[in-house]
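Since the structure comes first, as structure tokens, the remarks are kept for the end.
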Amino acid sequence: MGIIGSTFTCQLFHWGAAKMATVGRTHFLLGLLWLWSAAVLAQDTGAQRKVKAKWPYYPGFVNDPANPVNSEDEEEQKQAWPSYYADEPGDDKQKCLANGCCVQGPPGMPGTNGVPGSNGIPGTPGIGGKDGDKGDRGLPGRPGRPGTKGDKGDSGSGAMLIGSNIKQCAWRNLNFDEDHGKIKVCDFTKQRKSSELRVLWDGPLRVTSHSGACKRWYFTFNGAECADPAPIDGIVYVKPSEELVALNIHRVTRIEGICSGLPKGKINVEFSVRNCKGISNSGNAYTGWNSVSRIIVEEIMLPEDAINQ
């Protein structure tokens, strides 16, 4: 009866494990506790005696004739349960008699996942912290990448040309005794369209007359006087008195100016003489007596507001 009670208890546990997946946990545990209590009460207190009785089959909840445990053959049962048929009880038999020997049953069905719990209630926002102390100055960052090339800027003004473009034409004892016409030419090559030409005459001029006269010396560029901003010229006027008749005074005179709007390229800078405007008496003109006369031409750049019309 002790063996039957022990094996019956083990079968109850295997049967209960197989039902765990389909029976509610609370009801299952209550029922299992009741069955286990009944099995313990039915267990024989003399379970440790020698057992050699022939079992028609293994008492349990599973009656499978194909299993050697349930076989009616005594030899097969001895092979299946060697501890119970031993002449002397050993450690294995003592454990089986005391605790019951159970045949391992089939694995139970996997349980289903529980329902996910709902999210908790969000907590209230915490109080904002105070501003920290001002940190130390950081290290300089790496140089940035070169930027894209900008648009072309407007043309500048007022800067001098890089490298001088200047020319001087000089003559010794010019002695030009004509009263009207071209005196000398100084050819010049202008390098830029937007530049200006500065011209200079330096040499002796004179006019003589018994009653008074006026002569005008002036520059032309390729045959035309400067129009931007105005002509470049100088005059000499004489009117002798009764005591000083026919004065003949030769003086070094400088005539200078700047002309804009001239084209790029070769330009003939000419120095000429003629009568003064509105005076009919021409008198006698003389240019470049007994000294050096010169024309100087220089290409320059002026600011836009440097020319006063």
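The values are calculated or read from the model by the stated rules, or taken from the named source; none is laboratory data. Predicted, not measured: the structure shown is a model, and the values here were computed from it. Heads up, the Cβs are rebuilt from the backbone with ideal geometry, glycines too, and the neighbour counts pull from every protein chain shown. Keep in mind that these areas ignore ligands, DNA and RNA; they rest on the heavy atoms of the full protein, side chains included. Shrake-Rupley method; radii C 1.70, N 1.55, O 1.52, S 1.80 Å.
Details
- Taking the criterion of being among the hydrophobic types (A, V, I, L, M, F, W, C) and over 16 Å from G283 (Cβ atoms), the residues of segment 181-214 that qualify are I183, V185, C186, F188, L197, V199, L200, W201.
- Residues of segment 245-259 that turn out to be touching a Phe, Trp or Tyr at 6+ places or on another chain (Cβ under 8 Å) and open to solvent by less than 70 Å² (accessible area, probe 1.4 Å), as a count: 5
- Yes/no for D87 being open to solvent by 70 Å² or more (accessible area, probe 1.4 Å), acidic (D, E) and at pLDDT below 80: yes
- Answer residue from segment 260-284, given it is within 60 Å of the chain's Cα centre (by Cα) and under 19 Å from K182 (Cβ atoms) and is most open to solvent (accessible area, probe 1.4 Å) among those: K266
- Contact map, segment 285-304: residues that are within 15 Å of V252 (Cβ to Cβ) and open to solvent by less than 10 Å² (accessible area, probe 1.4 Å) paired with residues that are part of a loop (DSSP other than H, G, I, E, B) and not hydrophobic (A, V, I, L, M, F, W, C), Cβ distance under 9 Å, separation 6+ or inter-chain. Pairs shown: T287/N175; T287/D177; T287/E178; G288/N173; G288/N175; S293/N173.
- Residues of segment 197-232 satisfying the condition of being touching a Ser or Thr at 6+ places or on another chain (Cβ under 9 Å), more than 14 Å from F271 (Cβ to Cβ) and among the basic types (K, R): R206
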